[in-house]
Amino acid sequence: MLCDECGVNNATVEFVSIINGKKIERHLCPACAHKLGADSFMPFSWGDVFPTVGSFSPRQEARCSVCGSTLADIARTGLIGCAQCYHDLREGILPIVSRVQTKTRHTGRAPATFESKKIPETASKPESETEEARLTRELNDAVAKEEYERAAALRDQLKALRGELPNSQKKPTDSKEGN
Amino acid sequence: MAGSFDADIAASTRVRLARNYADLPFPGRMSRVQAKKLNERVASRLGNREFTRLDMASLSPNERQVLVERHLASRELCERPEGMLLLSKDEKISIMVGEEDHLRIQCLLPGLQLEEADNLSRSVDAMLSVDGYAYDAQLGYLTACPTNVGTGMRASVMLHLVGLSSTGSMQSLLETVGKFGYTVRGFYGEGTQAAGDMVQISNQVTLGLSEEEIIRNLGEVVRSIVKKERSVREAMLKGDSGELTDRLNRSLGILKFARRMSSEEMMRRLSDVKLGLSIGLFEGMTAAELDKLATLGQPASIASTLTGSPSSAQRDEARAKLLRVGLKECKVF
Ligand SMILES: [Zn+2]
Ligand SMILES: [Zn+2]
C-alpha cells in the first residue's frame, strides 16, 4: 500500500485520530507520519462541522456589521470572522456550536474585566430568555443540593432578569415608581 | 522531579488557551496594520517579563521548523507573515500571536502535570486579559473556530505506550477512549515506532465544562491508561524469554556506539531505552532526559547545529554523536 499523504513511499504507519467519536484512519510512510506527527493539534475536516452550506437557509444574506462576514463565508473558511459575528450571525452560528460542542452554555471561567458588567449586559440582550433558563436550572440545582445561599442569590438574579426587583435590593423610590 | 509525574509513560502535558481581543477582527480577517497592532500590544504587555520575542518573518525556514519540532509553534503560525511567538526563558510558556486566534497561550510541562500547566497558563492569561477579551455570557471565550469556544482550553497529554502497542491492544484502547469525548492521535503498528509509540490524548469539548472539569476528567482517563500500560510492561518483563531484554540492550548499545543514525531509528531505539529504564533494566538517566535527546535529534534541530546545507549523512553523523554523548550516563542496571 502506498502512503496516503505523498503517494510515493510504502505505507508502514497507521495513523488514527478519533474526533467526535469518528475514526479517521490514514496509512502513511514513516517520513509523512513524522511530518504530520510533529504538528501540534487537531487536524480538522470542515466537512464534519459544516455539512452543507445550504443548511443555513434562514437569513443567508445577513452580514456581520464589523467584519462583513456572511454565514456562507464562515461555512467556506470554517472560521468565524470576529467577535461581533457571534452576535450578528448568532442564529446561524449557534447550531454549528451545538453540533461541535454538544452543549451550548459556558460554565467555566470569565475574564476579571467581564464579571462586573455581566448582569446588566445580558439582561438587556435578546438572549435573556436562555439566561433565564440557565438561572432557573441553576436555581433548581442549588435547591436540590441544599445550597440555600446560592439559591437565594440565583432567585434574586432571576427576579432582576424578569424585571422584578429582588427583595433585598428594593429601594423605596423604585417600588413606588413601579406602581 | 520529573520522575514523580509518571514521566516514564506520560512524556509531556500541555494546556492551551485560545483567546481573542474584542476590538480586533480575528486573525483571518485582520489587516496588516491590525496584525502589527496586535503584536505590539502583546509584546508590550509581556515585554519586561522574561519573554523572548520571535517574529516569524525574521526567522529562517529551518529556525521555524525547529520551533515546530519542539512543539512551541504550529506550522500554521510559521506560515503567517505577521505571526509572532513569545517564548518564556524556561520554554514552559509559549504564546502564539496571530495564529487562528489572536492568542494561543500554551504551557508545556514534562510528565503528567495538568493542574500545574493550568495554573501557569492561567497566570499568563490574566496578564493579557486586561486589554479586553472577546467574551460572551452564554458562549464564553469567543474563538475563530467554534470547536474552541467556551473555555478555549485544549489540554493534552503525550503518552509513550510501548507496552500496549506491542501487545496489540492499542487499537481497542484508543477507540474506547475516543468514544468518551477525547481526541486521540497516535502512531503505532508494525514497524511504526517512527514516532516512538507516542499517543496524544486531549479533550474534545471546550464548552459546557469548567476548566477544572476538563483537567480532572482528562487526568482520570490518562491515569487509567498509565496504570494499564504499567501492568502490561510488568507482564512483558515477567513473560520475557530473553527476546525483549535482548532487544532493549541492543538498542542501548547501538545508541551508545553507532556512528550514523536516522531520526526514525533514533525514535525506535530511544523508545526501547525508555522502556528499559522504566522496567529497571537500565539506570542513570530519566525518561525526561531521553525525551529531550529525541527533541534535539529531530531533523531541523540537528541541521541548526551544522553549517551550510548539510547532507543527510552529515545529519545522521551529527545525530549519532549527540546520542553517544547524551547517553553516556545510561548504564545497564
Ligand atoms: Zn508519504
Ligand atoms: Zn464579524
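With respect to the stated conditions, B:GLU115 is charged (D, E, K, R), at negative phi, more than 13 Å from chain A (Cβ to nearest Cβ) and surrounded by fewer than 20 Cβ atoms within 10 Å (Cβ to Cβ). When region B:204-232 is filtered for residues that are among the β-branched types (Val, Ile, Thr) and in a helix (DSSP H, G or I), the ones remaining, listed by number, are B:ILE214, B:ILE215, B:VAL221, B:VAL222, B:ILE225, B:VAL226, B:VAL232. Considering every residue within region A:60-74, establish whether at least one is modelled with pLDDT under 50, more than 16 Å from ligand 1 (Cβ to nearest atom) and at the interface with another protein chain (Cβ under 10 Å from one of its Cβ atoms). Looking through region A:60-74, none of the residues is modelled with pLDDT under 50, more than 16 Å from ligand 1 (Cβ to nearest atom) and at the interface with another protein chain (Cβ under 10 Å from one of its Cβ atoms). Only residues that are outside any helix (DSSP H, G or I), in contact (Cβ under 8 Å) with a residue 12 or more places away in the chain and more than 12 Å from ligand 2 (Cβ to nearest atom) were counted across region A:61-103, and they come to 1.
With respect to the conditions (1) closer than 16 Å to B:VAL149 by Cβ; (2) crowded, with 16+ Cβ neighbours inside 10 Å, A:THR102 lacks only one, and its number is (2). Here B:ARG259, B:ARG250 are screened, and the one residue that is loosely packed, with under 15 Cβ neighbours inside 10 Å and in contact with a helix residue (DSSP H, G or I) (Cβ under 6 Å, 6 or more places away or on another chain) is B:ARG259. Could you pull out the residue among B:GLY308, B:GLY284 that is modelled with pLDDT under 95, on the phi > 0 side of the Ramachandran plot and surrounded by fewer than 21 Cβ atoms within 10 Å (Cβ to Cβ)? Going through B:GLY308, B:GLY284 in turn, just one is modelled with pLDDT under 95, on the phi > 0 side of the Ramachandran plot and surrounded by fewer than 21 Cβ atoms within 10 Å (Cβ to Cβ): B:GLY308. Across region B:50-61, the number of residues qualifying as of a type outside the set (D, E, K, R) and surrounded by 15 or more Cβ atoms within 10 Å (Cβ to Cβ) comes to 4.
The one condition from (1) within 16 Å of ligand 2 (Cβ to nearest atom); (2) out of contact with any Phe, Trp or Tyr (no Cβ under 8 Å at 6 or more places or on another chain) that B:ASN20 does not meet is (2).
Filtering region B:209-219 for residues that are on the phi > 0 side of the Ramachandran plot and facing chain A (nearest Cβ under 9 Å) leaves an empty set. B:PRO25 meets the conditions (1) over 26 Å from B:THR295 (Cα atoms); (2) in contact (Cβ under 8 Å) with a residue 40 or more places away in the chain in every case but one. The failed one is (2). Those residues that are facing chain A (nearest Cβ under 7 Å) and farther than 16 Å from B:GLN204 by Cβ, I need them from region B:141-163; list them, please. Listed by number, the residues that qualify are B:LEU142, B:ALA144.
The values are calculated or read from the model by the stated rules, or taken from the named source; none is laboratory data. Remember, it's a predicted structure, so these values are computed and weren't measured experimentally. Note that each Cβ is placed from the backbone with ideal geometry, even for glycine, and that neighbours are counted across all protein chains shown.
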